[in-house]
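Worksheet for the structure shown next.
Just so it is clear, none of the values below were taken in a lab; they were calculated from the coordinates. Please read all numbers here as calculations on a predicted model, not as lab measurements. Because the Cβ atoms are built from the backbone with ideal geometry, glycine has one as well, and the counts that use them run over all protein chains shown.
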């Protein structure tokens, strides 16, 4: 995998598509994220930041989910180019 | 072989990776199903939700729109409730006349008429006419905003502030609900999934003044704080004082949330995800009718259930005499030294104690005590009202401390019942009582002693 | 012959599950506290073709892996209270995530109807759903409805009727996991069926045990004790 393409969801810019490769979270939060579709291999779109910069809304498995910085920093993936 | 042994056996061959694999494979099957079963005919996606979000969660417009929405809900509630409230009060007053005639016709003893009509009837109908109209407006309006999908956006906008004190953005919603009714707001804290943040929302909701406390806040602000102003300026000062009180309540909410998440609730697991569903036009009548029926009605029924016995008790205390003074007055005398320490008096303390079932009856009980009428009393003119207070030695500090006590003191009976129902814990319910009570004593105490020290009173 | 049946509504939050519940039951509903948990379930009734249905609105959840009290309550109802039909309500505009829950329900119980809600909204967005393909792939009836505008209700009610009267049968197609997981399932599945017989899906229970679902284990043992007491008293 091209290392330069690897970013966390938190680093994504609006409109970026990121293919999840790893989730470095444990416990209930990890299970909750999995349930919502943040599974390895899923493609996540960065939608927008809240007015105060945190949380950030993401589009995953056809729904919009907001995550805080603490969590979105720990979800990594590969930047997928726009078609 | 029993289930526990099977569990251990399964755990022995399992791996921590298993849950990930299961969910991942469920999701890949979901995707496969969508690939074969769903097709998209339009190339351009529907962007209505994105466009609305660009406004509602905008850096510039997000917060102003929120404040305007809150303002509109308040305005609708207060302005819209006034007329039906006074109509209900008049109706109940008119009915009381007939009920009294029936009692006279039957030659019922005075004490029976006192307990049932002047106590029970007047107390419960008071709560109904003060509570029902605002709730019948507030809750449906709130439900409409909820069903439209706007409320999750408020939580999205506000989350950063709440994260700061260890709370959840959705607490902004339970707080907004608290402006209507703390008891209903405690129930609505279910929207917060994470246990720690939910407990914070439940324990601090009381610091948002509910509908039952607005009345006393508005009256005292305009009578004492804005006394030296006239016309438009008076309204401005009154509003300013109320906003100040509400902001102080929010500061206390944040402070208590922060303190609790650093102490008692430290280490309780927490997780945060917030779904932003698409905006959907709500079914207007369905939403209005359902929320009136479920929320407003159940809250009202519960309030009356607690208010009715309290109304009887109040009447009994005010009308049974030991020596030549009523029990009520004995209690006032007992509480007076303590009240004086906080810049209040025995009547005020007793009104808040007997007002535990519903904040709406605090002011009527207070007037009943001051005028020694023996039954819940309403005063028609604000000037008369102020004179009554002045006759009993009130200053602006007294008024301010009554407002602070009202803002900070223990939750009403209905709210406490709901807190117990939601937490299923006597310990947390007791803390929900204790924390505000301590604050309601400490803050007015400091204010009064400072004012005395500085020679203001 | 008993003419009344229980139907449980399961689904993600924001799928219009409550709208369907309200449309079905009108104002014939009440809230019942169930199993002593803080979560209370709304119950209501509907009558169709001489049959009475008691509808239970389970809490809206993203999954049924007992991550929260809501999920435990919903899961326990489906598995232990055994409703005659579990109706899984899905949002047509975000089927991918919603199907995840449906697939979990298919592992837990046999009589499932998948109800794709908000179909009118989806069509406006240009989303076309072929319910016949989904029915075949899932092995249970898939019905498109709009609870808000009461579209597809006759079809849904008829399917419910035909299912309870045995005219149609559900054969939920199970999700096949990778070889490693399947092997582990096989290892303990037979032991489980020795223990529980046909009362609970042994494949599902095997998966939950492998996943280390302690809450389920506790619930199972609690109910075992309760059943013993009932039997001894009888």
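Based on the alpha-carbon set only, what is the convex hull volume of the range B:99-155 divided per residue, in Å³? Intermediate results must be reported in sequence, preceding the final value.
Values: hull volume 4.9 nm³, N = 57.
Roughly 86 Å³ of hull volume per residue.
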Point to revise | Spin-label zone in the range B:119-144 - amide nitrogen under 12 Å from a point set 7 Å from the Cα of residue B:372 along the C-beta vector | key: none
Revision key, fill the gap. If one compares the long axis through the Cα atoms of helix B:122-148 with the longest principal axis of the Cα atoms of chain B, the angle in degrees, nearest 10, works out at 20
Practice item. Considering only C:193, C:202, C:63, give the residue with the highest GNM mean-square fluctuation for chain C, with springs between Cα atoms whenever their separation is below 10 Å. Key: C:193
Review point. What are the extents of the Cα atoms of chain B along their three principal axes, listed from largest to smallest and rounded to whole Å?
Key: 85, 60, 60
Review point. Roughly how many whole Å is it from the C-alpha centroid of the range B:191-259 to that of the range B:383-457?
Key: 12
Review point. So what's the convex hull volume per residue for the Cα atoms of the range C:179-233, in Å³?
Key: 66
Check your understanding: Over the protein assembly as shown, what is the percentage of antiparallel beta bridges among all DSSP beta bridges, to the nearest 5?
Key -> 65
Practice item. Take every Cα-Cα pair in the range B:12-74 and report what % of them are more than 20 Å apart. Key: 64
Review point. So how far apart, in nm, are the two label points at residue B:28 and residue C:28 if each is 7 Å from Cα heading toward Cβ?
Key: 4.7
Exercise for review: Could you list the residues of the range B:212-256 with an amide nitrogen less than 14 Å from a label point located 7 Å from the Cα of residue B:445 in the Cα-to-C-beta direction?
Suggested key: none
**Study point:** Whole-number Å³ per residue for the convex hull built on Cα positions in the range B:289-427
**Key:** 147
Point to revise | Sequence ranges B:309-316, C:164-171, ranked by mean other-Cβ count within 10 angstrom, highest first | key: B:309-316, C:164-171
Practice item. Find the eigenvalues of the gyration tensor of the Cα atoms of the range C:16-154, then list the square roots of 5 times those eigenvalues as equivalent ellipsoid semi-axes, largest first, in whole angstrom. Key: 23, 19, 14
Practice item. Show that you can apply the helix-only estimate: for the protein assembly as shown, add -39,500 (n - 2.57) for every DSSP H stretch of four or more residues, divide by all residues, and state [θ] at 222 nm to the nearest 500. Key: -18500 deg cm²/dmol
Review point. Relative contact order, percent, of the range C:106-234 when contacts are C-alpha pairs under 8 Å separated by at least 6 residues?
Key: 25
Check your understanding: Stretch residue B:48-residue B:430 to full length: gain in nm at 0.36 nm per residue minus the Cα-Cα span?
Key -> 132.8 nm
Study note, to complete from the structure: Quick note on A:80, B:383, ordering by fewest other C-beta atoms within 10 Å, gives B:383, A:80
Review point. In whole Å, what are the Cα extents of chain C along the three principal axes, biggest one first?
Key: 50, 45, 35
Review point. Of all the C-alpha pairs in the range B:45-141, what % are more than 20 Å from each other?
Key: 60
Point to revise | Cα pair distances in the range A:3-80, grouped into 5 Å bins until the bin that holds the longest one, percent each | key: 3, 18, 31, 30, 14, 4, 0
Practice item. For an R0 of 22 angstrom, estimate the FRET efficiency from the Cβ-Cβ distance between residue B:78 and residue B:236 and round to the nearest 0.05. Key: 0.85
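Taking only C-alpha pairs under 8 Å that are 6+ residues apart, what is the relative contact order of the range A:3-80 in percent?
Averaging sequence separation for qualifying contacts and normalising by length gives 44 percent for the range A:3-80.
If the chain between residue B:94 and residue B:248 were fully stretched, how many nm would it gain, using 0.36 nm times the residue separation less the Cα-Cα distance? Please report the intermediate quantities before stating the final value.
Details: separation 154, 0.36 × 154 = 55.44 nm, distance 4.06 nm.
So the extension gain works out to 51.4 nm.
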Check your understanding: At what distance in nm do the modelled label points of residue C:233 and residue B:453 sit from each other, each positioned 7 Å from its Cα along Cα→Cβ?
Key -> 6.4
**Study point:** Cα-derived Rg to Rh of the protein assembly as shown, Kirkwood definition
**Key:** 1.02
Review point. Measuring from label point to label point, each 7 Å out along Cα→Cβ, what is the residue B:70 to residue C:69 span in nm?
Key: 2.8
Check your understanding: Please state the relative contact order of chain B as a whole percent: Cα pairs under 8 Å, 6+ residues apart?
Key -> 17
Review point. Hey, could you pull the Cα Rg and Dmax for the range B:150-298, both in Å?
Key: 17.7, 54
